[in-house]
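The values are calculated or read from the model by the stated rules, or taken from the named source; none is laboratory data. Since we're looking at a predicted model, the values are computed, not measured. Ideal geometry is used to build each Cβ from the backbone, glycine not excepted, and the neighbour counts take in all protein chains shown. Ligands, DNA and RNA are stripped out before the accessible areas are found, and what is left, the full protein with its side chains, is counted by its heavy atoms. Shrake-Rupley method; radii C 1.70, N 1.55, O 1.52, S 1.80 Å.
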Amino acid sequence: MSELGSLFGFVTVGLLVGFIIGSLIKREGISLYNNLFWGVVSGIINGYIGLWFLPGDGVFFAFQGTWAFLFLVNVFHQHHVEDILLFPDANAAVIHELTFKNKKQ
């Protein structure tokens, strides 16, 4: 596979996996756009790792690595207080201090 063809394949795999995971998880993890971006980045990195260390064209390794990477990113994503509140215009820092002050004691 040529260099440009490999890169196109890795980007395509990253976009596809990022779109599927972003559509399945919706607002529970990172946004769809972040899933697409990090899917492309992960697809390229994992694809070239697969090319260097494994026989074949690296697309399957890019596919598996991108699934794993985006799964971990979405599972361990920390929601901000503003995302959890019903009214994001409220002063989240003050509400956070009042809400979690008693739990620290």
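Some notes on this structure:
- Complete set of residues in the range 61-73 that are open to solvent by less than 40 Å² (accessible area, probe 1.4 Å) and either touching a Cys at 6+ places or on another chain (Cβ under 6 Å) or of a type outside the set (S, T, N, Q) (or both): Ala62, Gly65, Leu70
- The residues of the range 57-94 that are modelled with pLDDT under 85 and touching a helix residue (DSSP H, G or I) at 6+ places or on another chain (Cβ under 7 Å), listed by number, are Asp57, Val81, Glu82, Leu85, Pro88, Ala92.
- Residue tally, condition more than 17 Å from His77 (Cα to Cα) and either crowded, with 19+ Cβ neighbours inside 10 Å or more than 12 Å from the chain's Cα centre (by Cα) (or both), over the range 6-60: 30
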